[in-house]
Amino acid sequence: MLLKLSDAEIKAKQAALAKYAPRFVMALVDVENDALDIMLKRVLADSILLTAFDSLENNQTVSFSCRSTGCHNPGSMSTANMTALAHKLMAMANTRGNAETRRSIERALGVLASM
């Protein structure tokens with residue numbers, strides 16, 4: 001394809017690339033807490049909390065409804081409400097001695113704190 005371009009066209013394209021290259025480099029630099037980072041953290045925290053909720057409920061260590069805990073759709077909650085839900089689930093896991101679930105909830109709290 002380049003063989004079909006004249007030297008003038010190639011130089012013009014190279015000049016355009018040189019002009020806009022810094023913009024591309026800036027766009028490729030990964031920063032913390034950009035939109036993608038926050039979205040992925042929300043998905044991670046949501047999945048951890050729902051797994052903890054299911055674990056507590058399925059092991060019949062506690063019987064509660066989603067309405068009482070607010071665990072209907074953590075992904076649609078604010079970070080503050082998700083954190084409050086995690087603390088509620090942690091209290092339930094603490095009273096039932098469920099160590100694995102507590103560790104999972106601690107991970108979710110860490111993820112939420114980093115947002």
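The values are calculated or read from the model by the stated rules, or taken from the named source; none is laboratory data. On a predicted model such as this, the values are computed, not experimentally measured, just so you know. Every residue, glycine as well, gets a Cβ built from its backbone with ideal geometry; the counts of neighbours run over all protein chains shown.
Scanning region 64-83 for residues that are surrounded by 14 or more Cβ atoms within 10 Å (Cβ to Cβ) and either polar (S, T, N, Q) or modelled with pLDDT of 75 or more (or both) yields a total of 4.
Table: residues versus (1) under 19 Å from ALA113 (Cα atoms); (2) modelled with pLDDT of 80 or more; (3) not hydrophobic (A, V, I, L, M, F, W, C).
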| position | (1), (2), (3) |
| --- | --- |
| ARG23 | no, no, yes |
| LEU40 | yes, yes, no |
| LEU44 | yes, yes, no |
| PHE53 | no, no, no |
| THR61 | no, no, yes |
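If you go through region 77-101 one residue at a time, how many are farther than 15 Å from LEU112 by Cα, part of a helix (DSSP H, G or I) and not hydroxyl-bearing (Ser, Thr, Tyr)?
So the answer is 7.
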